[in-house]
1. Go through the stretch 290-315 and give me each residue that's open to solvent by less than 10 Å² (accessible area, probe 1.4 Å), over 15 Å from residue 147 (Cα atoms) and part of a loop (DSSP other than H, G, I, E, B).
2. Taking the stretch 156-205 only, how many residues are in a helix (DSSP H, G or I) and either open to solvent by 70 Å² or more (accessible area, probe 1.4 Å) or in contact with a Leu (Cβ under 8 Å, 6 or more places away or on another chain) (or both)?
3. Do the conditions hold for residue 330, that is, is it of a type in the set (Val, Ile, Thr), under 21 Å from residue 187 (Cα atoms) and over 15 Å from the mean Cα position of the chain (by Cα)?
4. Which of the residues that make up the stretch 316-335 are assigned to a helix (DSSP H, G or I), over 15 Å from residue 194 (Cβ atoms), touching a Lys or Arg at 6+ places or on another chain (Cβ under 9 Å) and open to solvent by less than 60 Å² (accessible area, probe 1.4 Å)?
5. Quick check on the stretch 256-263. Is at least one of its residues acidic (Asp, Glu) and closer than 27 Å to residue 198 by Cα?
Amino acid sequence: MSTTKAAPPGVGHRDAEAPPDRASGEQQGWQFSSPLVLTMLLILVVASQGAIRRAVSAPVMQSWMTVFVAVVVQALPFLVLGVLLSALLAVFVPPSFFVRALPSRPALAVPVAGMAGAILPGCECASVPVAGALVRRGVAPAAALAFLLSAPAINPIVLTATAIAFPGKPEMVVARFVASLLAACAMGWLWQRLGRTDWLRPPAHPSDEGLGKAAAFWNSVRHDVMHAGGFLVVGAMAAATLKAVVPASWLSLAADNPVVAVLALAVLAVLLSICSEADAFVAASLTQFSLTARLAFLVVGPMIDLKLFAMQTGTFGRGFALRFAPATFVMAVASAVLVGTVLL
């Protein structure tokens, strides 16, 4: 009767594990970073360059690329500005500052935060990361959201651009300021009344523990640029796609009915996703529409469009954006119609 000798410790295990190691090595050889895969992709691109060139040269694709690049180029500088302001708030401003600067009662903090939006020289892309930083610093969400909506529409640069785009019509500047501030405060108060904490995901942010002020600042900047910038690109791609497929003749048909005209330009503002620094010039060119309809375009655009929806989703969560965006649209249209009827 023979007995089997036990293998020395570790020998049998190495033999048993050898095949998986080889298999693992073979799997690693087919990763995307493999020179073989990259070479195959390069060959595929070179072989299909004719088809790619024809697709890119098509009028629809040229229109798509024009809108995409325009949205990104317009928005990116102000996104960077907002990221820098967000990092400054997060690193250099103590939380106690906001407690002292804003009224303790959220109902009063909302209009104060809304008026504070008048001092930020940026567009909607800048306001999203700044509002996220305010929430992280302990500011009441209702006040932070009022700031988010008002800042892109009532800051001095936007109002100056509106005055230049509508020469001889100072009432358009006043109407834009009043309607935008009214809609922003109304949404802040609505969130204070009906909003729930589980709808608003706290904005994610890298930990700055153990870092110096300068290192924490640049850490915050890198995080927010990569995070918000990615959603900006997604929103710009959606805006470019819709702009390329919507016929221009639809606008002429919509302008004949006052109600349809307001709704058409409000929807158009959402789809075009134009930076608030430039939207007044687009509105001024839509001469077939009434001033009230064009006011709706100017009020809705800085508060909710495709890129803003994508950025709000990335900053505050999808559940928040799905509730906040439709309510903001309705409130902005109602405010524009009310103020336009009175002032225009």
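1. Matches in the stretch 290-315: 301, 305.
2. Counting residues in the stretch 156-205 that are in a helix (DSSP H, G or I) and either open to solvent by 70 Å² or more (accessible area, probe 1.4 Å) or in contact with a Leu (Cβ under 8 Å, 6 or more places away or on another chain) (or both) gives 28.
3. The answer is yes for residue 330.
4. The one that is assigned to a helix (DSSP H, G or I), over 15 Å from residue 194 (Cβ atoms), touching a Lys or Arg at 6+ places or on another chain (Cβ under 9 Å) and open to solvent by less than 60 Å² (accessible area, probe 1.4 Å): 316.
5. No - not one qualifying residue is present in the stretch 256-263.
So that you can scan it fast, the table gives a plain yes or no per residue for (1) on the phi > 0 side of the Ramachandran plot; (2) at pLDDT 80 or above; (3) open to solvent by 20 Å² or more (accessible area, probe 1.4 Å):
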site	(1), (2), (3)
242	no, no, yes
246	no, no, yes
257	no, yes, yes
265	no, yes, no
270	no, yes, yes
275	no, no, no
279	no, yes, no
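The values are calculated or read from the model by the stated rules, or taken from the named source; none is laboratory data. Note that the coordinates shown come from a computational prediction; the quantities given were computed from them, not determined experimentally. Cβ: placed from backbone, ideal geometry, glycine included. Neighbour counts: every protein chain shown. Ligands, DNA and RNA are excluded from the accessible area calculation, which covers all protein heavy atoms including side chains. Shrake-Rupley method; radii C 1.70, N 1.55, O 1.52, S 1.80 Å.
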